[in-house]
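The values are calculated or read from the model by the stated rules, or taken from the named source; none is laboratory data. In this text, all values refer to a predicted model and were calculated from it rather than measured experimentally. Note that we place each Cβ from the backbone using ideal geometry, even for glycine, and neighbour counts take in every protein chain shown.
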Amino acid sequence: VQLQAYGGGLVQAGGSLSLSCAASASRFSILHMAWYRQAPGRERESVATITAAGRKSYADSVKERFAISRDNAKNTVLLQMNDLKPDDTAVYYCNAKCGSITYWGQGTQVTVSS
């Protein structure tokens, strides 16, 4: 499985960005998908997940502001980020899991200016 993330950039605090991740997978619908992020000097952390069944979960820091969704017909997973804060600045990574196997995309930079 190859993952390609798009949509990062520079935005002012309070603004919005949408990230997308395209997966090359013959059976995308069975993958559990997630977005992670890693800020400078910090560990990579889970931001949002969506299971193959469509169940969603979010880190407390992004609840009510971020929304994850998936389009199995297009093999994509989206992360809509609203009311962005400077603390959201990080490299965002797309992640896919199938059983015990984990796949990572290359990351896309999100920078939120105050």
Q) When the range 28-70 is examined, which residues are found to be within 24 Å of Gly14 (Cα to Cα) and of a type in the set (Asp, Glu)? A) Glu45, Asp60, Glu64
Q. Does any residue of the range 22-44 turn out to be surrounded by 18 or more Cβ atoms within 10 Å (Cβ to Cβ), of a type in the set (Phe, Trp, Tyr) and farther than 21 Å from Thr111 by Cβ?
A. yes
Q) Which fully enclosed strands (runs of 3 or more DSSP E) of the chain have 1 or more residues being among the aliphatic types (A, V, I, L, M), touching a helix residue (DSSP H, G or I) at 6+ places or on another chain (Cβ under 6 Å) and at pLDDT 95 or above? A) 108-113
